[in-house]
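Read through the structure below, which is laid out as structure tokens, and then see the notes.
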There are 4 protein chains.
Amino acid sequence: MSSATFSSNFLQTGCLRKDGFNNPKDKKRNVGKVFVKCSVNTKTQKAEKEVRLGVLGASGYTGSEIVRLLANHPHFGITLMTADRKAGQSIASVFPHLVSQNLPKMVAVKDADFSDVDAVFCCLPHGTTQEIIKGLPKSLKIVDLSADFRLRDISEYEEWYGQAHRAPELQKEAVYGLTEISREEVKNARLVANPGCYPTSVQLPLVPLIKANLVQPKNIIIDSKSGVSGAGRGAKEANLYTEIAEGIYSYGVTRHRHVPEIEQGLSDAANSKVTVSFTPHLMPMSRGMQSTIYVELAPGVEIKDLRQQLKLSYEDEDFVVLLDEGIVPRTHNTRGSNYCFINVFPDRIPGRAIIISVIDNLVKGASGQALQNLNVMMGFPESTGLLYQPLFP
Amino acid sequence: MSSATFSSNFLQTGCLRKDGFNNPKDKKRNVGKVFVKCSVNTKTQKAEKEVRLGVLGASGYTGSEIVRLLANHPHFGITLMTADRKAGQSIASVFPHLVSQNLPKMVAVKDADFSDVDAVFCCLPHGTTQEIIKGLPKSLKIVDLSADFRLRDISEYEEWYGQAHRAPELQKEAVYGLTEISREEVKNARLVANPGCYPTSVQLPLVPLIKANLVQPKNIIIDSKSGVSGAGRGAKEANLYTEIAEGIYSYGVTRHRHVPEIEQGLSDAANSKVTVSFTPHLMPMSRGMQSTIYVELAPGVEIKDLRQQLKLSYEDEDFVVLLDEGIVPRTHNTRGSNYCFINVFPDRIPGRAIIISVIDNLVKGASGQALQNLNVMMGFPESTGLLYQPLFP
Amino acid sequence: MSSATFSSNFLQTGCLRKDGFNNPKDKKRNVGKVFVKCSVNTKTQKAEKEVRLGVLGASGYTGSEIVRLLANHPHFGITLMTADRKAGQSIASVFPHLVSQNLPKMVAVKDADFSDVDAVFCCLPHGTTQEIIKGLPKSLKIVDLSADFRLRDISEYEEWYGQAHRAPELQKEAVYGLTEISREEVKNARLVANPGCYPTSVQLPLVPLIKANLVQPKNIIIDSKSGVSGAGRGAKEANLYTEIAEGIYSYGVTRHRHVPEIEQGLSDAANSKVTVSFTPHLMPMSRGMQSTIYVELAPGVEIKDLRQQLKLSYEDEDFVVLLDEGIVPRTHNTRGSNYCFINVFPDRIPGRAIIISVIDNLVKGASGQALQNLNVMMGFPESTGLLYQPLFP
Amino acid sequence: MSSATFSSNFLQTGCLRKDGFNNPKDKKRNVGKVFVKCSVNTKTQKAEKEVRLGVLGASGYTGSEIVRLLANHPHFGITLMTADRKAGQSIASVFPHLVSQNLPKMVAVKDADFSDVDAVFCCLPHGTTQEIIKGLPKSLKIVDLSADFRLRDISEYEEWYGQAHRAPELQKEAVYGLTEISREEVKNARLVANPGCYPTSVQLPLVPLIKANLVQPKNIIIDSKSGVSGAGRGAKEANLYTEIAEGIYSYGVTRHRHVPEIEQGLSDAANSKVTVSFTPHLMPMSRGMQSTIYVELAPGVEIKDLRQQLKLSYEDEDFVVLLDEGIVPRTHNTRGSNYCFINVFPDRIPGRAIIISVIDNLVKGASGQALQNLNVMMGFPESTGLLYQPLFP
């Protein structure tokens, strides 16, 4: 086809001819080439957002998940991103799926300018976060996704994390942000410790049931199953595709660091020290978490009482959903969303119940709940920018 | 904990006591049980939407994907859903991941009431759709996701689909909705034939290059790779997890039904009959599609000319993105989104290029492009409700 | 290259020239074509085997697994294969991975000629098997992989399988073939009921511990995880790749049909009726099974006692392996093999233990154990033809 | 159950009572505990093997695959294993799936004692191997699985691997071990360079066709797809489960290091310099490789001629199988085995063919072919210990 017939073909839809000739430096090479531009600019323009956010540790999975979720938030805009080892790079060079967003370059946290920032999500590794948050301007609202401020008892932190707490005074101020349970405290918090994924999946069903005295706080057996993204993006042999695909295993049998956090929450609910059996299992899937929880019922209590309590506790919530009787929660059905699906089943052994809860470990178990918390802290409706439907299949 | 201490604990956060005693029929069983309701109602209320939609064939993957995408659309609301074999059921019983949406029960298409509907997405199987669309009220805007109206040449339809075309008069009216290429025609269309997934992934990069005379329209070799969701939700041995996981294979070598659709689009671009080599491969993944396209350059043309043309063609588009030089598109980076990522690479063999494009076969390759088309048809900005970021990992 | 230079190239390695000319009917088309045969015949010849086997139901996964395992067995050869819906087909047309084997065509079971057969593996569906085995010649040794003869108590069979037992007299004769536990009975059996996959994974660790009075026979909680191949090759929506990949769920909560088989074995071991909590979970993997078993220790018993008992029970076994202290069994490490790996861990809750066992559900959980049993029944060393190493990764 | 009833239960099957009392140091703790040993020792005894092997680099995937394959070899036994970073460890600590084998501890290669060794498999990284093999006793037979001796032209090695060749004199001696093609040379070789996985999958179908002048040696387009195990066990972010699962991408477009090896083999076959288009794609699977090869037929040649040549070339081979007409090779059907399945299809574009070959990249593409070569080098039947059936599903 000659360029003549070509342009006549397209004149009616307003195509712009762009001859190589017009561009002097390409003159030689492009003799005779005719580039054509046919589309009108329909590209969506992004508006300024009223709340300016920083994402500290943007090069990990919880950081990128924050960025993904915020893309359609009507009030929150990202003005600062840090990633020490990727300083100077664009987010697209680290997470190509975010290439369509127009975001600031990543800087080292030590070079970060917070003058332009109202609130931060802190997505840094456990153990390094206390120091960094201690150094942040006091005017900032902070949601910390690490484990560094989750345990009220500093000695417990030291026992499980093997190092002294670096910011004990901030610990007192920190609010544990299991949103549905601690919404009122979160509202007025400056520093929220965002719950771990396993503790979220366990406490959402158990706290109301223990509080209402419906299940025994002893001999609680938690068999949890998690996708691999919970382990982060660090290069470890154990998390290679070849080591994970098509197989499963238990890890950290009884010694996983989420144990004290779970026990803290359940002990609060029970008003007494609770010790749980907790066994996490690694699943060949990227996202998703299920806790299968085996409990003894309090005397005289039946399965329908548990369902009744959970219905009451969560019927006005957006994100925690008690499924219809007999319907089994599936991790598939929460993928990419902030939902937690729950149900309760009778056990074959009389006097026992099986409670199942599922979440997406990176959303309700991390970045989604963090955004839910910041919505609450900033006075926006809690579900703002978070009502993504699960992605299935 | 006694119920006395319990309720005093919670009075300050406004928990409502719900005694079993209040419910007469539970009186006997629940003596002494105290259920507690602690949350204030923060549940998000859904507003009425101005455009009322029907989803025909809501129990398949493209149907559920339409429902997922529409959940946050500001103008489109679903008032009708059909699914013949699931008539009478809720969407949640068929797709539990959609349980949080408040949607009408599914009905058989023959029982559907279209008086309440402005537009429909037709997600029915190939071969059955012509008849059904023929029977719809003429006032409806229609986006048809089946292959039934994609081939202009009715004899070609008959050859590849093995049956006579049932609605040849409608065929004349149908607009082939590769949005970026045919936006103007889509604007005024009543019936849009939504492109197939493979043809979308192939035409988006090739059409502008062939139109601009930069690649030869002969010996085009297309090696495509698709996730399994393209095969739909029908129960087939070949698509069992055990048959698909951890392995790959070519299917329909040179005989896939998307061949005539691809050749139609490329022939239009070339203004001459184009015959392609097309080999689809089934990948062990649910979503995602890559076409690796091997082409001969027109005389004197270089790789940078191809990049230049694609840049011009798509720089004002939201959903088609030419990646930076050397960056390889990955299906991972489109998952759950309407994006198509493209790039061009020099081949080792002089005078040849390798073009790679990736999409999510269920979004840009089906339901997302369908929504994009309906946005255009109804006069809304094209990306309305469609700017979901890809889900990774 | 001309054919002249070509053949001179290859003369020294003894290539045979095969001109198209030699074949009269190809004469015209192949003028000038020269095919070349270069290899000497090094193909392995298969010898006659002394024991002639029938595989009933060869078109399912347990049937094909039997065929795979037998390929290198020095004494067993397959002379009969049945598959009602695939009668007349070759095994390669149904299972292309078995194409290199030289096997008889499949016939309908009603047309099978057993005159040439010494023993059969019966890989037919539950519920149909009793009738068929009743009709087999009494001279045949039989290993039945279905559930039809596993439950000694016929009323229990009827309760869980919803139909009357069709061969109660054979039930009395049937030996439950958990090889390591019932080796002596298997030796003299004519009809062996091969254990289910879950019951195998649960009984191998628990039976010795319960017999030795080391764990309490009450409140045993079994959280099992299985690959999808356990569901067979039937085309079901629930088992599509898209429905299984990247997610997990519990199924048959407390109501799985393997419950009575597990309870039968544990009750035997305990000499009293045992009721277990059993929750199977479906994993996104084709093969592999883990049972995580939560038990209460008998008074005064410690973890090391459990390990000591298991060591004694299994140190002289080929296929059941107690791992070193602290080493976590992984399903990955049994794939494709007949091994069962076991270990015991202390629970956080005092007085409790966590027992983990893993198997390949299709091998030790089905076809491998079946072959192990037939080896025993026919007087061959138990591991004959079964010492395949696991396939990893 | 008392220990009295217990032992009477078991007396008839000859269980041995092992009282804690018998062991003086356990006296106190085990008062009253009775351990029971019920099985007779049926454990398989391993015999001495006549050929003593060393595996250099046993801690990677090709090393462990060698160990897996050798487990049932009647003549080859492993007497030496090296792994520099895992020196002093058992193979089971590095590869738990090999726990049942009785093997020597791994040592550093510099500490290896070769006095006890007749032949070695060298599974070390590219670039380090030349030096090490240079230092080995000349009496050893060597199969090298690295790329270090595959390219006859030393300058080509230097160009693609970015470093000088360290053992040019050995290069002259090395035989390229594509067994079916170079069997005669392998027989007499001391040092065999085992082919790469991609080159194996490409050359097995193409070499005979090019030699026979049936396909054009120009414009050969190879679109290859590989499982992740080809990348080895090194901890890299790019190969994490989360980065690989549920997505695909091309890597090393036209620049993969297997290109010169492929071109060397095809050029030999063509007796002229061949340049290919080669694009490898990474698949979400651990094992398996497919090459889809697009070729132009020589004038007058038809698809059936290609099939005829491949039939002649491979009908006497154990491991290379031309499938029946129209049957599509699947990687699933080679998993864990040494088979290569091949077929040829007509293209839509006249005068072109599509050739598909599949292998398991770790077996025929690496360790299996290595063992095949050593069998030939040592004078054993080529398939000895290698006739593993594929593992499916």
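At 0.36 nm per residue, minus the direct Cα-Cα distance, what do residue D:251 and residue D:316 gain on full extension? Give it in nm, one decimal, please.
Values: separation 65, 0.36 × 65 = 23.40 nm, distance 3.61 nm.
Extending this stretch completely gives an extra 19.8 nm.
Would you please give the residues with an amide H less than 5 Å from that of residue D:292, counting only those at least 5 places away or on a separate chain, with H modeled from the backbone geometry?
Hits under the 5 Å cutoff: D:223, D:224, D:225.
Other chains' Cβ within 10 Å of B:103-112 residues: what's the mean?
Taking all residues of B:103-112 together, the mean is 0.
Region B:247-329: which GluC sites (Glu not before Pro) are DSSP loop and have at most 15 other beta-carbon atoms within 10 angstrom?
Numbers: sites: B:261, B:263, B:296, B:302, B:315, B:317, B:325; in loops: B:302, B:315, B:317, B:325.
Counting only loop positions with at most 15 other Cβ atoms within 10 Å, the GluC sites (Glu not before Pro) in region B:247-329 are B:315, B:325.
When only DSSP loop residues count, what chymotrypsin sites (Phe, Trp or Tyr not before Pro) in region B:292-389 have their Cβ near at most 10 other Cβ atoms within 10 Å?
Working: sites: B:294, B:314, B:319, B:339, B:341, B:388; in loops: B:319, B:339, B:388.
Listed in order of number, the matching sites amount to none.
Cut-off 16 Å, label point 7 angstrom out along Cα-to-Cβ of residue B:184: give me the residues of region B:257-279 whose amide nitrogen falls inside.
What the label zone holds, given the 16 Å backbone N cut-off, is B:269.
With charges set only on the Cβ (+1 for Lys and Arg, -1 for Asp and Glu), what does the dipole of chain A come to about its Cα centre, in debye to the nearest 20? Don't skip to the end; give the middle numbers.
Numbers: 44 positive and 41 negative charges, 418 e Å.
In debye, rounded to 20, chain A gives about 2000.
Based on the Cβ-Cβ distance from residue B:302 to residue A:113, what FRET efficiency comes out when R0 is 56 Å, to the nearest 0.05? Walk me through the intermediate numbers first.
On the way: r = 43 Å, r/R0 = 0.77.
It comes to 0.85.
Under 5 Å between amide hydrogens, which residues at least 5 positions from residue D:120 or on another chain qualify, with H placed 1.01 Å from N in the peptide plane?
Amide H neighbours of residue D:120: D:54, D:141, D:142, D:143.
For the pairs C:172/C:273; A:364/B:46; B:138/B:273; C:46/D:141; A:187/A:211; B:304/D:273, note any where the Cα-Cα span goes beyond 24 Å. It would help to have the intermediate numbers written out before the result.
On the way: C:172/C:273 20 Å; A:364/B:46 21 Å; B:138/B:273 34 Å; C:46/D:141 29 Å; A:187/A:211 22 Å; B:304/D:273 28 Å.
Those over the limit are B:138/B:273; C:46/D:141; B:304/D:273.
Taking the Cα-to-Cβ direction at residue D:72 and at residue C:84 and moving 7 Å from each Cα, how far apart do the two end points lie in nm?
Distance between label points: 3.3 nm.
Determine ³J(HN,Hα), in whole Hz, for all residues of region D:375-386 in sequence, where each value follows from phi through the Karplus function 6.51 cos²θ - 1.76 cosθ + 1.60 and θ = phi - 60°; x replaces Gly and Pro.
Listing the rounded values in order: 3, 5, 4, 8, x, 8, x, 4, 8, 3, x, 10 Hz.
Output the antiparallel fraction of DSSP beta bridges having both residues in the protein assembly as shown, as a percent to the nearest 5.
Working: 117 of 237 bridges.
Of the beta bridges lying entirely in the protein assembly as shown, close to 50 percent run antiparallel.
Taking H placed 1.01 Å from N in the peptide plane, check which residues at least 5 places from residue B:81 or on another chain put their amide H under 5 Å from its amide H.
Counting only residues 5 or more places away or on other chains, the set is B:55, B:107.
Put a label point 7 Å from Cα along the Cβ direction on residue B:168, then list its distances to the equivalent points in the other copies in nm, shortest first.
List, nearest first: 7.0, 7.5, 8.9 nm.
For Cα pairs less than 8 Å apart in space and 6+ apart in sequence, what is the mean separation divided by the residue count of chain D, i.e. the relative contact order in percent?
Answer for chain D is 14 percent.
Give the average, rounded to an integer, of partner chain Cβ atoms located within 10 angstrom of each Cβ in D:382-391.
Shielding by partners across D:382-391 averages 6.
Could you name the residue in chain C with the C-beta closest to the rotation axis that superposes chain C on chain A, along with the separation in whole Å?
C:223, 2
Across peptide B:312-324, how many C-beta atoms of other chains are within 10 Å of each residue C-beta, on average?
On the way: counts 8, 6, 4, 4, 7, 4, 4, 4, 1, 3, 0, 3, 5.
The per-residue average across the peptide is 4.
Karplus couplings for region C:71-77 from phi (6.51 cos²θ - 1.76 cosθ + 1.60, θ = phi - 60°), rounded to Hz, Gly and Pro as x?
Values per residue, Gly and Pro as x: 3, 10, 6, x, 10, 9, x Hz.
Which ³J(HN,Hα) values in Hz, rounded to whole numbers, follow from the phi angles of region D:280-290 under the Karplus curve 6.51 cos²θ - 1.76 cosθ + 1.60, where θ = phi - 60° and Gly and Pro get x?
Per-residue couplings from phi come out as x, 10, 8, 9, x, 7, 7, 10, x, 8, 10 Hz.
Among all the aspartates and glutamates, which ones have a C-alpha under 14 Å from residue C:225's C-alpha, if same-chain residues fewer than 8 places away are not counted?
Filter leaves A:223, A:246, C:360.
Calculate how steeply helix A:259-270 sits against the longest principal axis of the alpha-carbon atoms of chain A, using the helix alpha-carbon long axis, and give the answer as 0 to 90 degrees to the nearest 10.
The helix A:259-270 is inclined about 60 degrees to chain A.
For region B:74-138, which chymotrypsin sites (Phe, Trp or Tyr not before Pro) pass both filters: DSSP loop (anything but H, G, I, E, B) and at most 14 other C-beta atoms within 10 Å? Intermediate values should be presented prior to the final figure.
Working: sites: B:76, B:114, B:121; in loops: none.
Those that pass, being in a loop and sparsely packed, number zero.
Values in this text are rule-based calculations from the coordinates and carry no lab data. Everything numeric in this text was worked out from a predicted model, so none of it was measured. Counting neighbours? That spans all protein chains shown, and the Cβs are built from the backbone with ideal geometry, glycine included.
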